[in-house]
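The values are calculated or read from the model by the stated rules, or taken from the named source; none is laboratory data. None of the values given here were measured: they were computed from a predicted structure. Note that each Cβ is placed from the backbone with ideal geometry, even for glycine, and that neighbours are counted across all protein chains shown. Surface areas here come from the heavy atoms of the whole protein model, side chains and all, with no ligands, DNA or RNA. Shrake-Rupley method; radii C 1.70, N 1.55, O 1.52, S 1.80 Å.
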Amino acid sequence: MAVELEKIVEELNLGVRCCKDRLSRPVSGGYVGDLLSDVMANSREGDVWITRQIHPNTVAVASLKEHAAVIFVNGSEPTAETVSRAEQEGVPLLVSSMPGFEVAGRIYKMMNP
C-alpha cells in the first residue's frame, strides 16, 4: 500500500531539509543501504532511500532511480552541496535521529497495517 511522503514525515517527525513542496509524492516502498552501486542495482522507483551517505552523489542516485525521497538517519545531516543539488533535482531530503533499522521498520508498519 502506497503512503504519502508527508504522512511519513509527520508520523516519524522527520526534519525536511529541502523540497517541502514535493511531500505529496506517493511512497511505494523503501530501501536501506549505504553502498551507492547496491542502491542503484536494487532500489525501485517510488522508494524512500534510508542512508547515512550525506554527499551529493546520493542525490544523483535518488534522481536517477526516481526515489520519493532520501532519509538520512542517525542524526546525519546532508552537506550544503547535497542540499543545493537536491533542490535543483527536486529530491526531498529528510533527516532523523533514529537508526535506519527503526526508520525502516516504522515505515514498513505504516505501509502494511
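Assorted remarks:
Residue by residue, here is whether (1) touching a Pro at 6+ places or on another chain (Cβ under 7 Å); (2) open to solvent by 60 Å² or more (accessible area, probe 1.4 Å) holds:
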{"position": "GLU4", "(1), (2)": "yes, yes"}
{"position": "LYS7", "(1), (2)": "no, yes"}
{"position": "SER84", "(1), (2)": "no, no"}
{"position": "SER97", "(1), (2)": "no, yes"}
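- Some residue of the range 63-73 being open to solvent by less than 30 Å² (accessible area, probe 1.4 Å) and either among the polar types (S, T, N, Q) or in contact with an Asp or Glu (Cβ under 6 Å, 6 or more places away or on another chain) (or both): yes
- Out of VAL16, VAL27, VAL48, sole residue that is more than 22 Å from MET1 (Cβ to Cβ), open to solvent by less than 80 Å² (accessible area, probe 1.4 Å) and β-branched (Val, Ile, Thr): VAL16
- Count of residues meeting criterion [without any contact (Cβ under 8 Å) to a residue 60 or more places away in the chain and more than 14 Å from ILE8 (Cβ to Cβ)] in the range 73-100: 13
- Where a residue in the range 1-23 is more than 12 Å from PRO92 (Cα to Cα) and modelled with pLDDT under 95 and its partner, wherever it lies, is among the hydrophobic types (A, V, I, L, M, F, W, C) and surrounded by 18 or more Cβ atoms within 10 Å (Cβ to Cβ), with Cβ under 7 Å and at least six apart: ALA2/VAL27
- Residues of the range 24-47 that are part of a helix (DSSP H, G or I) and either touching a residue at least 60 places away in the same chain (Cβ under 8 Å) or of a type outside the set (Asp, Glu) (or both): LEU36, SER37, VAL39, MET40, ALA41, ASN42.
- Residue, most open to solvent (accessible area, probe 1.4 Å), within the range 102-113, restricted to residues that are in contact (Cβ under 8 Å) with a residue 40 or more places away in the chain and part of a helix (DSSP H, G or I): TYR108
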